[in-house]
Amino acid sequence: MCLSVQIRFFITLVFLLSTFSRQAKGKLFNVLDFGAVGDARTDDSKAFLDAWRSVCEATTTSGATMPTLQVPAGKTFLLKQVKFSGPCKSATVQIQMMGNIIAPMSTDWTDCKSGCWLCFDLVDNLIISGTATINGNGAVWWQKSTHVLYFQSCNNLRVSGLTSHNSPLNHIGISGCKGVSISKINLIAPNDSPNTDGIDIANSNQLDISDSFIGTGDDCIAINGGSSNIKITRLNCGPGHGISVGSLGKDGSNDMVEEVHVRNCTFNGTQNGARIKTWAGGLGFARSISYEDIILIRAGNPIFIDQHYCPHQNCPPEKQTAVKVSDVTFSKFQGTSADNIAITLNCSSIVPCTNIKMNLVNITSLYPSSKVEAICNHADGTATSTAPVVPCLSSVQDVLIRREGQTQDGDQEPQYNEL
Ligand SMILES: *[C@@H]1O[C@H](CO)[C@@H](O)[C@H](O)[C@H]1NC(C)=O
Ligand SMILES: *[C@@H]1O[C@H](CO)[C@@H](O)[C@H](O)[C@H]1NC(C)=O
Ligand SMILES: *[C@@H]1O[C@H](CO)[C@@H](O)[C@H](O)[C@H]1NC(C)=O
Ligand SMILES: *[C@@H]1O[C@H](CO)[C@@H](O)[C@H](O)[C@H]1NC(C)=O
């Protein structure tokens, strides 16, 4: 009697456990089970796509494991262009990226049309995590503006842990996404690689990028039109072109960017640091932008607002319009500039920059005997405790002097806007 109860209990337990594990396993889709080989030579694109289809078709009951694409560790999977499309049936889907991914050699790269290698489209609540390295294989045959990872219309996206290297073009592209968190990633490219932006953002909002290293040849992060509420924290950037808002207003376009807040970042050996760049003749605005607690190590152009951005030939002339730049704060900058012009505010005579604020900025020259300076055109605002002196910004001291109807002593060059 007692024994049979025990046996029945045991059988029930085994049954329950096996059901549970089957259910759990039912939500885990290992690419190896779909025929992936992972020897860095065999094309595993189809296996990944088949596994993705199963993930995306899977449904979940509440509390169960979310559908998960598993890329196992210890292997390297060769993928051609792969498009992971949504929408998916489950509210949340996951990719556990433990194994590495490598791009094919040029001759195997035939029908890449859209601008991405690993493309995600319309997948909401996607979590990509893992320790994988994604190797672009120096794929010089890629078209311009190709991205390694491209997220189009993916709301509530979380990416963490990944490393991307050897990409000749942009690493991560984010377009039309709302609610994105990126953390603990490493994006690496040689200093001299052209157009290898780290993270390119367009038409997206509520982004949080933190605790990452980005050393690429171009912008560590570029924030393009239609983007707002972007937080960037504890990013180590360099080599590269810094963290840029823009370029905005190219070919007369109407671009809007607001609420961009960069905190506790380091620019190490970058060509630019905190930068806002707009083309002549554009429309729209870049406003409510702040850079705070920034460390500069041999940074070129540490602070740079350029309303005449034009990197190549055939620059548009100043027209009656420009992207308006306003409410920009640079606060607590410390470190060395590789250029003797440490601060450039080169704004438009037609649509000047307004309410530019600097506070506790202390930039010195990389070269012991050299001095750094600031250049200003058509910008206004205030500066406190800022070196070098920014001539167009008034310091609290200047305001007092002006209020008292006095003029400043022209002989003495002050070291700080306010001491
Ligand atoms: C930024 O760094 C300062 C000084 O190290 C620290 O007190 C502050 O908590 C940091 N803030 C963030 C958001 O990391
Ligand atoms: C700055 O970059 C140089 C060269 O890449 C590197 O050796 C150094 O460790 C970096 N410094 C910091 C503080 O990250
Ligand atoms: C400011 O922009 C104008 C127009 O492009 C350019 O001629 C000038 O050299 C720039 N000044 C600085 C200091 O960059
Ligand atoms: C500015 O930085 C230099 C070099 O790090 C340092 O010697 C100096 O004390 C700093 N000045 C202020 C006012 O913090």
Checklist line | Among residues of the stretch 255-297, those that are among the aliphatic types (A, V, I, L, M) and within 16 Å of ligand 1 (Cβ to nearest atom), counted | finding: 7
Note to self: Of everything in the stretch 274-299, what is within 16 Å of ligand 4 (Cβ to nearest atom) and in contact with a Leu (Cβ under 7 Å, 6 or more places away or on another chain)? Give them in sequence order.
What the structure shows: ARG298
Notebook entry, point to check: So is GLY252 farther than 25 Å from LYS184 by Cα, open to solvent by less than 10 Å² (accessible area, probe 1.4 Å), touching a Gly at 6+ places or on another chain (Cβ under 6 Å) and away from ligand 1 (no atom under 16 Å from the Cβ) or not?
Noted result: no
Check: Do we find that ASN264 is under 17 Å from the mean Cα position of the chain (by Cα), surrounded by fewer than 20 Cβ atoms within 10 Å (Cβ to Cβ) and not small (Gly, Ala, Ser) in this structure?
Finding: yes
Checklist line | Search result, residues across the stretch 252-271 that are free of Cβ contacts under 8 Å to residues at least 40 places away in the same chain and more than 14 Å from ligand 2 (Cβ to nearest atom) | finding: SER253, ASN254, MET256, VAL257, GLU258, GLU259, VAL260, HIS261, VAL262, ARG263
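Yes or no: ASP293 over 17 Å from the mean Cα position of the chain (by Cα), surrounded by fewer than 16 Cβ atoms within 10 Å (Cβ to Cβ) and among the acidic types (Asp, Glu)? Let's see the steps before the verdict.
Values: over 17 Å from the mean Cα position of the chain (by Cα): yes; surrounded by fewer than 16 Cβ atoms within 10 Å (Cβ to Cβ): no; among the acidic types (Asp, Glu): yes.
It is false that ASP293 is over 17 Å from the mean Cα position of the chain (by Cα), surrounded by fewer than 16 Cβ atoms within 10 Å (Cβ to Cβ) and among the acidic types (Asp, Glu).
Residue-by-condition table, conditions (1) assigned to a loop (DSSP other than H, G, I, E, B); (2) within 14 Å of ligand 4 (Cβ to nearest atom); (3) on the phi < 0 side of the Ramachandran plot; (4) modelled with pLDDT of 95 or more:
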| position | (1), (2), (3), (4) |
| --- | --- |
| ASN301 | yes, no, no, yes |
| LYS319 | yes, no, yes, no |
| VAL325 | no, no, yes, yes |
| LYS332 | no, yes, no, yes |
| ALA342 | no, yes, yes, yes |
| ILE350 | yes, no, yes, no |
| ILE363 | no, yes, yes, yes |
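Please specify each residue of the stretch 353-374 satisfying the condition of being open to solvent by 50 Å² or more (accessible area, probe 1.4 Å) and over 28 Å from the mean Cα position of the chain (by Cα). Give the steps one after another, and end with the answer.
In the first step, residues of the stretch 353-374 are kept if they are open to solvent by 50 Å² or more (accessible area, probe 1.4 Å); the result is 355, 357, 359-360, 364, 366-371, 373.
Within the stretch 353-374, TYR367, PRO368, SER369, SER370, LYS371, GLU373 qualify.
Being away from ligand 3 (no atom under 16 Å from the Cβ) and outside any strand (DSSP E or B) is the filter here; which residues of the stretch 264-286 pass it?
Initially, the stretch 264-286 is screened for residues away from ligand 3 (no atom under 16 Å from the Cβ), giving 264-270, 283-286.
Scanning the stretch 264-286 gives GLY269, THR270.
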Notebook entry, point to check: Only one of these conditions is not met by CYS154: (1) outside any strand (DSSP E or B); (2) at pLDDT 95 or above; (3) open to solvent by 10 Å² or more (accessible area, probe 1.4 Å). Which number is it?
Noted result: (3)
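Among the residues of the stretch 337-353, count how many are out of contact with any Cys (no Cβ under 6 Å at 6 or more places or on another chain) and in contact (Cβ under 8 Å) with a residue 40 or more places away in the chain.
First, the residues of the stretch 337-353 that are out of contact with any Cys (no Cβ under 6 Å at 6 or more places or on another chain): 337-344, 346, 348-352.
Going one step further and asking which of them are in contact (Cβ under 8 Å) with a residue 40 or more places away in the chain, we end up with 337-338, 341-344, 346, 348, 351.
Count: 9.
Kindly indicate the residue of the stretch 298-352 that is within 16 Å of ligand 1 (Cβ to nearest atom) and open to solvent by less than 60 Å² (accessible area, probe 1.4 Å) and also farthest from PHE267 (Cα to Cα) among those meeting that condition.
Filtering the stretch 298-352 down to residues within 16 Å of ligand 1 (Cβ to nearest atom) leaves 329-335.
Filter once more, so that each one left must be open to solvent by less than 60 Å² (accessible area, probe 1.4 Å): 329-331, 333, 335.
On the way: THR329: 17, PHE330: 14, SER331: 15, PHE333: 10, GLY335: 9 Å.
Across the stretch 298-352, the extreme among qualifying residues is THR329.
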Next item on the list: Scan the stretch 267-290 for residues that are open to solvent by 10 Å² or more (accessible area, probe 1.4 Å) and among the aromatic types (Phe, Trp, Tyr) and jot them down.
Entry: TRP279, PHE285
Checklist line | Residue in the stretch 219-243 that is nearest to the chain's Cα centre (by Cα), counting only those that are outside any strand (DSSP E or B) and away from ligand 2 (no atom under 16 Å from the Cβ) | finding: ASP219
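Residues checked against (1) modelled with pLDDT under 95; (2) at negative phi; (3) part of a loop (DSSP other than H, G, I, E, B):
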{"residue": "CYS119", "(1), (2), (3)": "yes, yes, no"}
{"residue": "ILE127", "(1), (2), (3)": "no, yes, no"}
{"residue": "SER167", "(1), (2), (3)": "yes, yes, yes"}
{"residue": "GLN206", "(1), (2), (3)": "no, no, no"}
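The values are calculated or read from the model by the stated rules, or taken from the named source; none is laboratory data. If you're wondering where the values come from, they're calculated on a predicted model, not measured in any experiment. Note that we place each Cβ from the backbone using ideal geometry, even for glycine, and neighbour counts take in every protein chain shown. Only protein heavy atoms, including side chains, enter the accessible area calculation; ligands, DNA and RNA are left aside. Shrake-Rupley method; radii C 1.70, N 1.55, O 1.52, S 1.80 Å.
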